[in-house]
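Following: one structure in structure tokens, then a few remarks.
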Amino acid sequence: MTTARAHEPGGMRELVSTAYPLILSTASSTVMQFVNRVFLAHYGPDELAACVPAGLLSFVFACFFVGTASYTNAFVSQYHGRGKFASVSVAVWQGVWLAIAAGLGLLALTPLGYWMISASGHPPAVIELEKKYFLILNSTGIIFLCNVALSSFFTGRGLTKVPMAVNMAGNALCVLLSWTLIFGKGPLPELGIAGAAWAMAGGQLLMLALYLKLSLSPYNRARYRTSRLVTFHRSLFLRLIKYGAPNGVGFFLDIAAFAAFIFIVGAMDKVSLAASNIIASINQLAFMPMIGLGMAALTLVGRYIGMRKPDLSVRVTANAARLAALYGAALGALFFAVPGFFVNIFGSGQEAAYSAILAESRPVMRVLAVFIFFDAIGIVYADALRGAGDTRFQMLGASAAAWILFVPGIWYITHGGGELIHAWAWAAFYIFLLALFFRLRWRSGLWRRIDILKK
């Protein structure tokens, strides 16, 4: 790409300036969770084995609502592209009302979560820890959901440094609380895995306070009428449901499929469960920055569609896919060349207790190298489609691949005598198919026919 084209609308410079705060924001969230799990690993192997399945289950319960509420971002970006500033605020508050209702609904799902954990086949000591961790995260999910909606007010307008600063502040608090609450430092009690969950809730609560303060600043109250447009708006709320719900369903079924993968693999044996959780934790550390790049692609695609310039959306997506491929290739090379550098962190200082777990983890890192390359590319194309409003096709196609191909394959591998590395290899193949699926859909151009702002 020439320097001139890089500086044009939809070029690499605009993409990078929009993406890097989001990448830093999601990276900080990942580092926070990674540090949280390392603390738990040093607290005890059972706590490490429990935190990933229970945390993932709580997210599965929330992710339909996360996928729906996060679609507020597409409405904000398209309304902002058309200069409809009042509609920006109306869209944001509909996302918040949805988040509040959804958060209350999560509480009713607690008994179902307990039943699923009990039926997982995990060791009894791990199950008790999973229930404790799940209960706290599920009960405080309303805070997280409100933050998802409120962050769209800034991300959708391209003000991505605001969510970056807010997330970094909340995640820094979480790390501090994790250390003090897990181990009982200073005047605070030693809570173990419950301390890790309460630390995450504390970080989210700080983020909520900051988002509300910034959204209701004098400037935003004057220009976007944020304090006057808080009321429920039936028409826009229903359109948010119309386009956001398929996104939420697709997101739910995708995350649920990965949760099923974690639980099915975890039933193999305790060593495989802990090793798989290490790989899942490293994978999360690796792919979360790509979530930031995907959010930037969604924002810019939505903005240019709102401006009725879809060709610029194509340029943005192509540039984002190039960056994703470069990132995935570089990180994958590290995973393949020095797998022990990453997995040994979890057993630092406790090599004897973790020797079998680390030995099983290292070969899987080479499979993760392939996994992360295609996952990075697939995230970009999936988010570009979401920015264009093409959520229904994603819901049907991706969900079918997950539950007709991926999950049954994992079940067959684990119950047919397969090893952990075989299960993760199947997961890498599934991610490759998803990346190909999303890329072909984007290149078809059928998303150009969709108008999410049409009443």
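The values are calculated or read from the model by the stated rules, or taken from the named source; none is laboratory data. Bear in mind that the values here come from a model prediction, so they are computed numbers and not experimental data. Quick reminder, even Gly has a Cβ in these numbers, built from the backbone with ideal geometry, and neighbours come from all protein chains shown.
Check the range 189-198 and report whether any residue there is surrounded by fewer than 15 Cβ atoms within 10 Å (Cβ to Cβ), outside any helix (DSSP H, G or I) and not aliphatic (A, V, I, L, M). Yes, the range 189-198 has at least one match.
For (1) more than 16 Å from PRO53 (Cβ to Cβ); (2) among the hydrophobic types (A, V, I, L, M, F, W, C); (3) not in a helix (DSSP H, G or I), each residue gets a yes or a no:
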position	(1), (2), (3)
VAL249	yes, yes, no
VAL271	no, yes, no
GLY294	yes, no, no
LEU334	yes, yes, no
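Condition first: assigned to a loop (DSSP other than H, G, I, E, B) and not basic (Lys, Arg). Now tell me which residues in the range 66-98 satisfy that.
TYR71, GLY83
Just wondering, is there one or more residues in the range 174-188 that are surrounded by 18 or more Cβ atoms within 10 Å (Cβ to Cβ), in contact with a Cys (Cβ under 8 Å, 6 or more places away or on another chain) and more than 19 Å from MET207 (Cα to Cα)? No: zero hits.
Within the set GLY416, GLY445, the sole residue that is more than 23 Å from ALA275 (Cα to Cα), surrounded by fewer than 14 Cβ atoms within 10 Å (Cβ to Cβ) and without any contact (Cβ under 8 Å) to a residue 40 or more places away in the chain turns out to be GLY445. Close Cβ contacts (under 7 Å, 6 or more residues apart or on different chains) running from residues in the range 120-137 that are surrounded by 21 or more Cβ atoms within 10 Å (Cβ to Cβ) to residues that are assigned to a helix (DSSP H, G or I) and of a type in the set (S, T, N, Q) comprise PHE134/SER58; LEU137/SER58.
Does the range 277-292 contain at least one residue that is outside any loop (DSSP other than H, G, I, E, B), farther than 30 Å from TRP411 by Cβ, in contact (Cβ under 8 Å) with a residue 24 or more places away in the chain and not basic (Lys, Arg)? Looking for residues that are outside any loop (DSSP other than H, G, I, E, B), farther than 30 Å from TRP411 by Cβ, in contact (Cβ under 8 Å) with a residue 24 or more places away in the chain and not basic (Lys, Arg), one finds at least one in the range 277-292, hence yes.
Beta carbons closer than 6 Å, at least 6 apart along the sequence or on distinct chains, pair a first residue in the range 27-38 that is under 13 Å from LEU176 (Cβ atoms) with a second that is at pLDDT 85 or above and of a type in the set (Val, Ile, Thr) for MET32/VAL175; VAL35/VAL175.
Say whether the condition of being among the hydroxyl-bearing types (Ser, Thr, Tyr), closer than 30 Å to ALA274 by Cα and in contact (Cβ under 8 Å) with a residue 12 or more places away in the chain is met by at least one residue in the range 398-412.
The first filter runs over the range 398-412 and keeps only residues among the hydroxyl-bearing types (Ser, Thr, Tyr), leaving 399, 412.
Next, only the ones that are closer than 30 Å to ALA274 by Cα stay: 399, 412.
Filter once more, so that each one left must be in contact (Cβ under 8 Å) with a residue 12 or more places away in the chain: 399.
So far as the range 398-412 goes, yes, one or more of its residues are among the hydroxyl-bearing types (Ser, Thr, Tyr), closer than 30 Å to ALA274 by Cα and in contact (Cβ under 8 Å) with a residue 12 or more places away in the chain.
Quick check: is even one residue across the range 281-289 under 28 Å from PHE258 (Cα atoms), buried (at least 24 other Cβ atoms within 10 Å of the Cβ), at pLDDT 90 or above and in contact with a Lys or Arg (Cβ under 9 Å, 6 or more places away or on another chain)? No - not one qualifying residue is present in the range 281-289. For the residues TYR219, TYR224, the requirement of being surrounded by fewer than 20 Cβ atoms within 10 Å (Cβ to Cβ) and more than 17 Å from ILE100 (Cβ to Cβ) singles out TYR219.
Flag not set for SER361, criterion: crowded, with 20+ Cβ neighbours inside 10 Å and closer than 30 Å to SER87 by Cβ.
Quick check, is ALA318 closer than 30 Å to ARG13 by Cα, free of Cβ contacts under 8 Å to residues at least 60 places away in the same chain, buried (at least 24 other Cβ atoms within 10 Å of the Cβ) and among the hydrophobic types (A, V, I, L, M, F, W, C)? Taking the combined requirement at face value, the residue does not satisfy it. Determine whether LEU177 is out of contact with any Phe, Trp or Tyr (no Cβ under 8 Å at 6 or more places or on another chain), assigned to a helix (DSSP H, G or I) and modelled with pLDDT of 90 or more. Taking the combined requirement at face value, the residue does not satisfy it.
Filtering the range 27-34 for residues that are closer than 17 Å to SER281 by Cα, at pLDDT 85 or above, of a type outside the set (Asp, Glu) and in a helix (DSSP H, G or I) leaves a non-empty set.
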